[in-house]
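Only the coordinates and a few stated rules stand behind these numbers; no lab work does. Computed from a predicted model, the values in this text were never measured in an experiment. Neighbour counts run over all protein chains shown; Cβ positions are idealised from the backbone, glycine included.
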Amino acid sequence: MNVSKDDRKKAIEEYRNRPVHRGVFAVRCLATGRAWVGAAPDLDAAKNGAWFTLRTGSHRDAALQTEWRAHGEDQFRFDVLEEIDPETPQLLLSDVFKAKKAEWARREGALLLLP
């Protein structure tokens, strides 16, 4: 399939201008009920990155990787728990993520996801 130069430029521009959702998420093992809570400046990229590293056996969180191997991808779900206001200043984002992850981990009875 040939894509014109203009179509390619348009697609790149649309990608750059897409809304990026940042926030707190949970990775859940449906087989065991265990959950891991994390936060990311781009939730879509966080899911893609987590699933990629889990599929390749290279995720930094050993407990999560072990459950993935034991139960398989179809037993896992990625849930967005809370989106962070896009107006939150970048300088505060790290602190907001840290506080929100801790809050959601307590609420969910979950582990904090290793970065």
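When both segment 72-111 and segment 20-45 are represented by their alpha-carbon centers, they are found 7 Å apart. Using the Cβ-Cβ distance between GLU82 and GLU14 with R0 set to 35 Å, the FRET efficiency works out to roughly 0.85.
The alpha-carbon positions of segment 22-112 define a convex hull whose volume is 86 Å³ per residue. Here the chain is assigned +1 on the Cβ of each Lys and Arg and -1 on the Cβ of each Asp and Glu. Its dipole about the Cα centre then comes out at about 280 debye. Measuring nothing but alpha carbons in segment 30-73 and taking Rh as the Kirkwood radius, the Rg to Rh ratio lands at 0.95. In segment 22-112, taking the dipole from charged Cβ atoms about the Cα centre, the farthest positive-side position among ALA63, ALA35, GLY23 is held by ALA63.
The ranking of LYS5, LYS98 by Cβ neighbour count inside 10 Å, starting from the fewest, reads LYS5, LYS98.
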